[in-house]
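Engineer: Please read through the structure below; I'll follow up with questions.
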Amino acid sequence: MTPPSKPSHEYGPLTPAMFHVLLALAGDDLHGYAILKEVDLRTNGKVRLSTGTLYGIIKRLLADGLVVERRARPAETQDDQRRRCYRLTSLGHQVAAAEAERMDEVLAVARARNLLKKTRTA
Amino acid sequence: MKPESTRASRLYRALLRLLPFDFRSDFGPEMETVFHEQNAEAKRSGPTGVLKLWWETISGIFRTAPREHLAMFAQDARFALRMMRKNPGFTMAAILTLALGIGANSAIFSVVNAVLLKPLPYRHGDRLIVIQQQAPRAGLLDQPFSVQEIEDYRHQNHSLDSLVEYHNMNFILLGRSEPERVETGVVSWNFFDVFGIQPLVGRTFRAGDEQPGAPAVLLLSYEYWIRSFGGDPTVVGKTFTMNDKIHTVVGVLPPMPQYPDENDVYMPTTACPFRSSPAMIEDRTSRMMRAFGRLKPEVGIRQAQADLSAVAANLQKAYPNIYTSNLDYSVKTIALRDELTQNARPTMLVLLAAAGFVLLIACANVANLNLARMVRRERELAVRAAMGAGRVRMFRQLFTESFLLALIGGGLGLLLSWGGLNLLVSFAARFTPRAREIHMDGAVLLFTLAVAVITSLLSGTAPAMAARESVANSLKEGGGHATLGCGSHRVRNLLIVVQVAVSFLLLIGAGLMLRSFIKLQHVDAGFQSENVLTMRIGLNFTKYNTRDRQRAFFEQLLEKIQAQQEVKNAAVTMVFPLNGSQPMTGDFMMEEQPMVPGHSLPLADLRVVSPDYFEALHIPILHGRAFTRGDRSGAQDVAIVNRSAVQHLWGGEDPVGKRISLDGGHAWVQIVGVVGDVKQYGLNRGAADEIYFALAQTPLASGDVVIKTVVEPMSVARKIIELLYEVDPNQPAARVQSLEQVRSDSVAASRLTANLIGLFALLALAIAATGIGGVMALVVSQRKHEIGVRMAIGAKPAEILRMVLGQGMALALVGAGVGLLGALVLMHLLQKFLFEVEPNDPLTFAGVALVLGTAAVVACYIPARRASRVDPMVALRAE
């Protein structure tokens, strides 16, 4: 399916789960289980994706061209035929960045209103 | 451990089946792997971890599945819409066919829903009953109640919460700009409480309103309030004069089906001068009220029947001279709901069946259109299959297309039925007071949606099956020149047979109804309705309170009317034929037959007419004479009987010169003539035994004027009303109409039913005929090559024409044969709608066969002609 060509900011706001998947893939190419683990780890277990939710998101991200299946499989021993890896496309990067910026703007407002006690660093 | 071997994996795989096929085939195996890993990890953290994982997994799938199904539907729908735009001809034909089929069903369902399915709009409507007194041996099945009988049933029963009475009167209401004749319901004070009706404005009646001597009060019906007072709420508290008494309006009723009659106003029983007269209260046989009851909460209708029957038995014991043994007196309870809908039920069900048949034909036709289209889409489907679209996927796509067609058709059908709603309401009003409850509501929308879904299944299955076969063939033959297999030919032929058979059935039904209606219209009613004007004049009985005054009024009026040059004859009658009035039956004594104690007297319908009545209506004098001006008060009282009465009551002997008595032998009335029978109660009903009395000797307080004119009768109506005002400016006339109109109205229900079924049958015929034509056209285009070869080796165009025609007609013939068998089995269900026509009427069957045959020939001729003009060279070169 050809990725639709619309500006990256038009993909937002993403659902939190979708954003987390994009963030997870922003680090490295990952397969499904690794994405779940990564999200779980990054959020200290606050966001736990089920397989149904994850693959619903992956289907959408694939259709929108935000991620692609990585063609070459890594030669790991535990990798079987069923396992596919996903990689963020440059469009995916832009969309994730646009979403992060949007959130940053929101946070700036929250800070200005003294809703956030301290500035956290990622 | 392989994931597929564990129980958890099997369970997970089962869960995955909730997701759409495409999703599953894309991600299913991968999801299984991931779940396997998750599960292994969860196990390490103990049973809570496993439970938590399952909970998250199951809820995740349940959240994802509907979204994915919807997304898939949206995708399929977009594709389907694209396909529909590509084939505008097919799309239009299918949508229009389905719109007609579904619209017919929605329309009829809106009536069935409101009239037969919905609960009554009265609180505790399921506990309301109608109580009827019956004396079957005297032919009385719904005998009104007397005041004493009402009291007896009210106080002696143990099964009813309340028992209320009702009767209808015509009073003159003064106090508005013109005197107005108002239909008045006279009811027990708690009548509206029993029916659970809350007033819209003001209050309903209270017990105090029904006390003798209480100030007279009125309730207005909603319709009358809107019509005469423009919905003005300040009307409550206003006073009007009725029956020389001041009446105060205390409230307005809500819009609701008025039962038993449509009334303008309601009053409590004590306000009605007739009902509250001592003569009425004291005479157990002065009957004019209807009785209704509300069952106690735990009591069923059978218990109530047994309970009231016991009361009836008590009455028979207590008054053996009134409820004589030869009458077979009894009481009957009927659920109000049944009473309100029993006239409508058979007609509505027949119409629903007819509409269902139309939809069946529409489905068969669209299925055929779809099949024909499959031929052209074979390559597309093959490509899709080759690209990996599974069987389920293709089915789903085709069903989505069928569903969209049905949905759009259903929407259009809903619009069609909404457009025809007013017509339907006025149609249903001929059968039931519940007609006003007919609306396009949520239930109708839901029904339409359900019909659309069923329709898409019915019309989508055959094409989807054919597609499977065709794809298999196409792939086998390498995507070359494949045609739909012979299996789908059989399906197409079968669908045509179904269409023809069902059309045949509907046409037979319509034909029988139509024949019945025509017979009904041409029935000899015993009178002539042409050029007769009728109007109802109910005298203000406080002003015309003596027989002399009543007599003088009508004599003066008739004299004035008679003097008009447009008028041939004018007469007054208690009631003219077919006006829907209840029989007024009375018993009488024959001079030559002594009374037998414990046996009832002979019964006949009693009428009062002025001398020119028989002439005005062309009722023949068979023997003796008509009434004359000489039959006055003081002269010998005279009567005229009809032919039926002579047959039944005098055993065919000439009764002229014999005497009868209505008052137990005090006064004797001499029979002076015999007249022909008149169909008084309906063209489809037999004549009653009738005895006519002379108006001058038996004056009326209320009568119908019938005027035979030499011009169009309605054109003199205004003039006659002015003559009436000359006699008495405060005297209104009601129901001014021509007798022709009355006669036509009396068969309106049959006419409308026949028209509706006829409309459905024509729809069916049109759909089936285009269906045959379409299929034959397809056959011709598919067999072009073969036809070319035939012609190249010497077949003549006429032979080709015959061949194609023959094929089409063979299908039509098989269909007609099946329809014929169906009709022979099913048509007896229509028996009760038929009048002087047998359900297997050969003329109707022959006529329908002719119509259907002609339609089939015309439908097949067009493609057959095209086939006969195939140029063999072109056809062969095209290969």
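Each reported figure results from applying straightforward, stated rules to the coordinates on display, with no laboratory input. This is a predicted model, so every value here is computed, not measured. Reconstructed Cβ throughout: ideal geometry from the backbone, glycine too, with neighbour counts over all protein chains shown.
Engineer: When only C-alpha pairs under 8 Å and at least 6 residues apart count, what is the relative contact order of chain B, in percent?
Structural biologist: After rounding, I find 15 percent.
Engineer: Tell me the angle of helix B:748-782 to the major Cα principal axis of chain B, expressed in degrees between 0 and 90 and rounded to the nearest ten.
Structural biologist: Here the helix axis deviates by roughly 20 degrees.
Engineer: Multiplying the sequence separation of B:Trp668 and B:Ser25 by 0.36 nm and subtracting their Cα-Cα distance, what value in nm do you get? All intermediate terms of the calculation are to be shown ahead of the outcome.
Structural biologist: On the way: separation 643, 0.36 × 643 = 231.48 nm, distance 10.00 nm.
Full extension of this stretch gives 221.5 nm more.
Engineer: Here is a further query. Based on DSSP H runs of at least 4 residues, each adding -39500 (n - 2.57), what is the mean residue ellipticity at 222 nm of the protein assembly as shown after dividing by all its residues, to the nearest 500 deg cm²/dmol?
Structural biologist: Value at 222 nm, helices only: -17500 deg cm²/dmol.
Engineer: At a Cα cut-off below 24 Å, give the lysines reachable from A:Lys117, other chains included and same-chain residues fewer than 8 away excluded.
Structural biologist: Qualifying lysines at Cα under 24 Å: A:Lys46.
Engineer: Might you report the magnitude of the Cβ-based charge dipole of segment B:1-145 about its Cα centre, with Lys and Arg at +1 and Asp and Glu at -1, to the nearest 20 debye?
Structural biologist: With only Lys, Arg, Asp and Glu charged at Cβ, the dipole is about 140 debye.
Engineer: Next question, about the same structure. Rounding to the nearest 20 debye, state how big the charge dipole of the protein assembly as shown is about its Cα centre with +1 on each Lys and Arg Cβ and -1 on each Asp and Glu Cβ.
Structural biologist: The calculation lands at about 5300 debye.
Engineer: Also, I was wondering about something else. Which FRET efficiency, nearest 0.05, do B:Ser277 and B:Ser661 yield, Cβ-Cβ r, R0 22 Å?
Structural biologist: It comes out at approximately 0.35.
Engineer: When you have a sec, figure out the Kirkwood radius of the protein assembly as shown from all distinct Cα pair distances and drop it here in Å to one decimal?
Structural biologist: Evaluated on the protein assembly as shown, it is 36.1 Å.
Engineer: To continue, here is another question. Along Cα→Cβ, 7 Å out, is where each label goes; now give me the distance between the ones at B:Thr239 and B:Arg345 in nm to one decimal.
Structural biologist: Taking the two extended label points, one gets 5.0 nm.
Engineer: At q = 0.11 Å⁻¹, work out log10 I(q)/I(0) for segment B:125-341 with the Debye formula, treating every Cα as an identical point scatterer and leaving solvent out; two decimals please.
Structural biologist: -0.56
Engineer: Under a crude label model (7 Å from the Cα following the beta-carbon direction), how far is B:Leu850 from B:Glu653 in nanometres?
Structural biologist: Placing both labels 7 Å beyond Cα along the Cβ direction yields 5.3 nm.
Engineer: While we're here: Sort out for me the Cα centre separation of segment B:407-449 from segment B:229-245, rounded to whole Å.
Structural biologist: With segment B:407-449 and segment B:229-245 each reduced to a Cα centre, they are spaced 36 Å.
Engineer: Treat each spin label as a single point 7 Å out from the Cα along the C-beta direction, and report the B:Glu726 to B:Ser781 distance in nm.
Structural biologist: 7.7
Engineer: Assuming 0.36 nm per residue, please report the length gained on full extension of the stretch B:Leu174 to B:Arg82 beyond their Cα-Cα distance.
Structural biologist: Result: 26.2 nm gained on full extension.
Engineer: Calculated FRET efficiency, B:Ala214 and B:His599, Cβ-Cβ r, R0 60 Å, to nearest 0.05?
Structural biologist: Approximately 0.90, to the nearest 0.05.
Engineer: Right, here's the next one. On a full-extension model of 0.36 nm per residue, what is the gain between B:Ile301 and B:Leu70, subtracting their alpha-carbon distance, rounded to one decimal in nm?
Structural biologist: Roughly 78.1 nm would be gained on extension.
Engineer: Over the alpha-carbon set of chain B, divide Rg by the Kirkwood Rh and report the Rg/Rh ratio to two decimals.
Structural biologist: So for chain B, dividing Rg by the Kirkwood Rh gives 1.10.
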